[in-house]
Amino acid sequence: MLVAEGGDLRQLHGRTAERLAELHVLAAGLEVVTRNFRCRAGELDLICSDGRNLIVVEVRQRSRREFGGPLASIGSLKQRRIRRTTEYFRLRSPQWADRPVRFDVVAVLGQPDAAHELIWIKDAFRV
């Protein structure tokens, strides 16, 4: 039962971190196109627009900076999944097919429901 409770807590922290990231990018002027887009290739946390670009935002949350913190957890495999899922989204949403794409990362360091720090890395990786 402890594993389930820990999993529930991780999910709650993840959802809270995604909401904090969403509020942060909205305050900066981005428009949220969709949240938690899922397909067989993977999931995209936030898909946004700045009026010209399609901006895919990966949200990472870690309570500690050990092992590189949340930013180090986006390796080449995760980047490939994000790219493939983005391409699928663009195929299903033709209005976005010709827009330039930017991949951003918003990292939430600390506990999202307590003391935390947000780090937004624009153009974190390229296609």
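The values are calculated or read from the model by the stated rules, or taken from the named source; none is laboratory data. Source: prediction; values computed, not measured. Please note: Cβ atoms are built from the backbone with ideal geometry, for glycine as well, and neighbour counts cover all protein chains shown.
Below are the figures for this structure:
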quantity: Unique residue being among the charged types (D, E, K, R), touching a helix residue (DSSP H, G or I) at 6+ places or on another chain (Cβ under 7 Å) and within 16 Å of Asp123 (Cβ to Cβ) when the list is Glu58, Glu43; calculated: Glu58
quantity: Filter result for Phe89 (in a helix (DSSP H, G or I), at pLDDT 95 or above and among the hydrophobic types (A, V, I, L, M, F, W, C)); calculated: yes
quantity: Selected residue (only one of Arg80, Arg84 is at pLDDT 85 or above, within 12 Å of Leu44 (Cβ to Cβ) and exposed (fewer than 15 other Cβ atoms within 10 Å of the Cβ)); calculated: Arg84
quantity: In region 14-62, the residues that are touching a residue at least 24 places away in the same chain (Cβ under 8 Å), in a helix (DSSP H, G or I) and either more than 14 Å from Leu118 (Cβ to Cβ) or among the acidic types (Asp, Glu) (or both); calculated: Gly14, Glu18, Glu22
quantity: Given (1) at pLDDT below 90; (2) more than 19 Å from Ala27 (Cβ to Cβ); (3) surrounded by 14 or more Cβ atoms within 10 Å (Cβ to Cβ), index of the condition Val127 fails; calculated: (3)
